[in-house]
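The values are calculated or read from the model by the stated rules, or taken from the named source; none is laboratory data. Nothing here was measured: the structure is a model prediction, and the numbers come from that model. Glycine gets a Cβ as well: all are built from the backbone with ideal geometry, and neighbour counts include every protein chain shown.
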Amino acid sequence: MTAPQATATSGSPTADGVDEPEKPAHWRRLAPPAVIAVLLLVWSNLALPALPADPVLKAVFNVGGVAAMVTVARLLGLTWHDLGIGRGTWGAGLRWGGAAIGVAILGYGAVLVVAPHLLENPQLAGASPGALLLRGLVLIPLGTVLAEELAFRGVLQGHSVRSLSARVALSVTAVAFGLWHLTVAMGPSAVPLPPTLQWTSALAVIGVTVLGGLALGWLRHRTGSVLAPIGLHLGTNAVGLVAAGVALAH
């Protein structure tokens, strides 16, 4: 009769005889990022649409929500570096983010010269210059860009990369970012569409947003800073709004 073998509970011994801690089970590693992603989707697709159609109120709601997220993340042990806003990451973040804004300005400027009609947005028709300035200089930078980048590239990606590989964390964050825009993608379009085409259009919008999320997440991973994706996000949204306003005015 052979002696029963002891069951190891503390992990596998390394070459120097020290037990190596076992990684959490697969589901335990996926659970926290999944919970954060679900909360973000409820926030965007249920809570925000339930608010009155006031862009200022929605911007305040987003800023307050992400401030609460960052506070909870810090209480749960994430450092400023984990969140992508540690002082050591500022230099790289500002360089890459500034370059992204510069490229956006050059790109939109070229389109304004060559084919300004491509930037015309009927939804901006009738908007006063003051309303456009408020949206482009305050509501988008704070209520959209800052809130979304801290929520996704800061909290979600920053937490995910602690328990998942960088590639999986990036993918999870990008997909959640795409689904964050589900309600917007399913909203009324400038041209009425049949239901089938509406779903196709919505999926296309989400797909493009996922690709954008991959680019934003890569910048976060490359620089370690949320300032870099903030720059790219500002370039596409705020600079794009200004360019659309200029195109509409001419």
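Tabulated values for the structure
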quantity	calculated
Residue tally, condition under 13 Å from the mean Cα position of the chain (by Cα) and among the small types (G, A, S), over the range 113-151	3
Restricting the range 156-165 to residues that are more than 10 Å from the chain's Cα centre (by Cα) and assigned to a helix (DSSP H, G or I), the residue that is farthest from I101 (Cα to Cα)	S163
Any chance G245 is surrounded by 18 or more Cβ atoms within 10 Å (Cβ to Cβ) and modelled with pLDDT of 95 or more	no
Selected residue (only one of A147, A131 is assigned to a helix (DSSP H, G or I) and in contact (Cβ under 8 Å) with a residue 40 or more places away in the chain)	A147
Residues that are in contact with a helix residue (DSSP H, G or I) (Cβ under 7 Å, 6 or more places away or on another chain) and part of a helix (DSSP H, G or I), drawn from the range 37-55	A37, L40, L41, W43, S44, N45, L48, P49, P55
All positions within the range 37-79 that are touching a Ser or Thr at 6+ places or on another chain (Cβ under 9 Å) and over 17 Å from T144 (Cβ atoms)	A37, L46
Among the candidates G126, G143, G158, residue that is under 24 Å from A243 (Cα atoms) and at pLDDT 90 or above	G143
Options V184, V191, V205, V168: the member that is among the hydrophobic types (A, V, I, L, M, F, W, C), assigned to a loop (DSSP other than H, G, I, E, B) and either modelled with pLDDT under 95 or more than 19 Å from V66 (Cα to Cα) (or both)	V191
Hits in the range 94-117 - residues which are more than 26 Å from T223 (Cβ to Cβ) and either polar (S, T, N, Q) or in contact (Cβ under 8 Å) with a residue 60 or more places away in the chain (or both)	V111, L112, P116, H117
